[in-house]
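Only one structure is covered here, and it is reproduced in the block below.
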Amino acid sequence: MMTDEELIQKLEESTINAQHHQLETLRSILLHNGKVSYLQSFKDKGDPADPATFTRVVPLSSYEDYVDYINQMADGKHDPNHPLLSVDPLLCFFYSSGTSCMKQKLIPYYDSNLSKAASFIGHRGSVAVLQRLFPPRPDVNKILWFLYADNITTTKCGLKVMAASSYPLQSGKATPQQLAAFSSPLEVIIGSHVEHQMYCHLLCGLRKLEVIDGISTPYAIGLIKAFGLLESKWEQLCDDLGHGFPSYEISEVAMREAVSNTLGGPQPELANRIRLVCEGKNWGGIVNRLWPNIRYIRCVTTGSMKQYYQKLKYYAGEVPILGGDYFASECCVGINLDIMQPPETTQFVMLPTAAYFEFLPFNMNEDNDVGEETVDLSNVEVGKMYEVIVTTHRGFYRYRLGDVVRVVGFHNSSPQVEFVMRAPKTPAEILTEKDLISAVEDFQLALRGAMRIEIVEFASFLDQESSPKQLKVFVEVQEESDFLEDKLEESVAIFRSCISSLESGLGALYKVQRDKGQLGNLLIFILRPGAFDQLSELAIKNGAPASQYKPPKILRNHEVVKFLEQLAFVSVSLDG
């Protein structure tokens, strides 16, 4: 087993001659999987397994290009002697974390030694970077990890489908040392009711408050929900600690018993201590006041998660919020070597041995044109934006990951990138995630100057069936906001007066089409508090992994739009 320093040294070495490692990675992928059906379907154009001709013969691909192959594997209708995407044994499928539609993508997970070796450097390197900053402490050694590893389904042929983060726990691959680091027992993590699991994570984390070293979850939204639950349930949590068992709302027998064992009987002194902290209802800096020995919070705060960063900082107080890495369900992409940076300056070093990377120049012009000519890792230009293309050890070839990054520099010879946004799905899209987030931030500032209102969540939808097309923006307001139904006229008037600040931030494509009359009036739906929580529950019920759920920003699914429209209590247009 390599030491942390040896791992970091190996990471460094891989970035020194990044292009060499990239060509070796592509060569090993094609040597191993060059005869699979997907690649061989392009052989009339040349040799798809030859690294020299690969990018000329094999076209760029998206998930839709793999759906038939994936469905055949999921249904057990493929011939094992003629592998479709990889020659390695198929172990299971991972859910993607996409949430703009209700149907989850299935990502095949193969038993690939090459991929394991590539992933090891990323995942273990990430741990090494963390432990270099925060060396392990023998007496304060627990992580309050809001992890939900349930929602396991099976395909027609009996293969399991799960979140990538669930795999080590569901497959029995998690080591005893890893399990011992969690403040919650395994029964909580693999429970089947997300809010009950979240509650039990908090309860176990409070029981062990003296030995909590860090708090972690895949995405920032997970911690916002957890601290929101703490705000609303702190009295019940104290009661449960005092009684020594969870409330009867927690109905799963295995979870109840495991949590009761973790509590170790009634804890009246601890309950009173926590009650004194919480009864003032001052939630700013609550993390350090409840967990006195905590050193960090860790989660992804870039991209669409950036909107939650300020709220998370409010809860965290002086406790540093560490950035996550750039790992996708399909493969590891980049590692964050400076995890103390805030989201706006977070950068990722591309991992040259994790996959073969190409970069598709991205420039949203008036026609939203994107070409097909990629550049390799050594030919990217600092300051330019690119869509990331991956060829992986596990069956994706020149696959559009759907992420847009900006190259900000180089670490040795490997590009350093910042995550910009999710790429538009079609040329017809006129609004990016980044523009929407920025526009809503401006809108919120304008609203704060006019009334007491807090936007807690939002999304947009381009209705292309109306004539002219119309952009709909859905905003959920906080329960304590002044936007009251009994003062609706007054509230709507103030709201309408601020809409121009939202519209002016929606980006160049929106403005061009609006000026040309190709877009109708902007329409804003104001949603009842809890609307996006209801959408989250629906998505999880339909298969979205709870640990990886990200509220969608750009909606593309008509069912989701209809669902949110039904939860609106008023709609407001700029022109009445």
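What to note about this one:
- Residue ID - surrounded by the most Cβ atoms within 10 Å (Cβ to Cβ), chosen from residues in the stretch 479-504 that are modelled with pLDDT of 80 or more and polar (S, T, N, Q): Ser501
- Taking each residue of the stretch 288-307 that is at pLDDT 95 or above and looking for partners that are in a helix (DSSP H, G or I) and of a type in the set (Asp, Glu) with beta-carbon atoms closer than 9 Å, six or more apart or interchain, yields Trp291/Glu210; Pro292/Glu210; Asn293/Glu210.
- Restricted to the stretch 212-290, the set of helices (runs of 4 or more DSSP H) holding at least 1 residues that are surrounded by 18 or more Cβ atoms within 10 Å (Cβ to Cβ) and hydroxyl-bearing (Ser, Thr, Tyr) comprises 253-263.
- Residue ID - farthest from Gly205 (Cα to Cα), chosen from residues in the stretch 135-155 that are of a type outside the set (Val, Ile, Thr) and open to solvent by less than 50 Å² (accessible area, probe 1.4 Å): Asn151
- The stretch 537-558, residues that are closer than 15 Å to Ala149 by Cα and among the small types (Gly, Ala, Ser): Gly543, Ala544, Ala546, Ser547
- Positions within the stretch 380-415 being within 19 Å of Gly303 (Cα to Cα), open to solvent by 40 Å² or more (accessible area, probe 1.4 Å) and not charged (D, E, K, R), in sequence order: Gly383, Met385, Val408
- Residues in the stretch 156-181 that are β-branched (Val, Ile, Thr) and open to solvent by 10 Å² or more (accessible area, probe 1.4 Å): Thr175 only.
- Beta carbons closer than 7 Å, at least 6 apart along the sequence or on distinct chains, pair a first residue in the stretch 244-273 that is over 16 Å from Leu202 (Cα atoms) and touching a residue at least 24 places away in the same chain (Cβ under 8 Å) with a second that is surrounded by 14 or more Cβ atoms within 10 Å (Cβ to Cβ) and of a type in the set (D, E, K, R) for Ala254/Glu187.
- Being at positive phi and in contact with a helix residue (DSSP H, G or I) (Cβ under 9 Å, 6 or more places away or on another chain) holds for only one residue in Gly265, Gly222, Gly303, and it is Gly303.
- The condition (being touching a helix residue (DSSP H, G or I) at 6+ places or on another chain (Cβ under 8 Å) and open to solvent by 30 Å² or more (accessible area, probe 1.4 Å)) is satisfied by just one residue among Leu527, Leu574: Leu574.
- Residue that is farthest from Ala254 (Cα to Cα), among those in the stretch 182-195 that are open to solvent by 30 Å² or more (accessible area, probe 1.4 Å) and in contact (Cβ under 8 Å) with a residue 40 or more places away in the chain: Val194
- Only listed residue being under 20 Å from the mean Cα position of the chain (by Cα) and either within 30 Å of Val287 (Cα to Cα) or free of Cβ contacts under 8 Å to residues at least 60 places away in the same chain (or both), chosen from Val319, Val388: Val388
- Within the stretch 261-313, tally of residues that are within 27 Å of Leu133 (Cβ to Cβ) and touching a Phe, Trp or Tyr at 6+ places or on another chain (Cβ under 7 Å): 12
- Taking the stretch 539-556 as the range and being surrounded by fewer than 16 Cβ atoms within 10 Å (Cβ to Cβ) and at pLDDT below 85 as the test, the residues that pass are Lys541, Asn542, Gly543.
The values are calculated or read from the model by the stated rules, or taken from the named source; none is laboratory data. Model, not experiment: these values are computed from the prediction. Using ideal geometry, Cβ is built from the backbone for each residue, glycine included, and neighbour counts are taken over all protein chains shown. Only protein heavy atoms, including side chains, enter the accessible area calculation; ligands, DNA and RNA are left aside. Shrake-Rupley method; radii C 1.70, N 1.55, O 1.52, S 1.80 Å.
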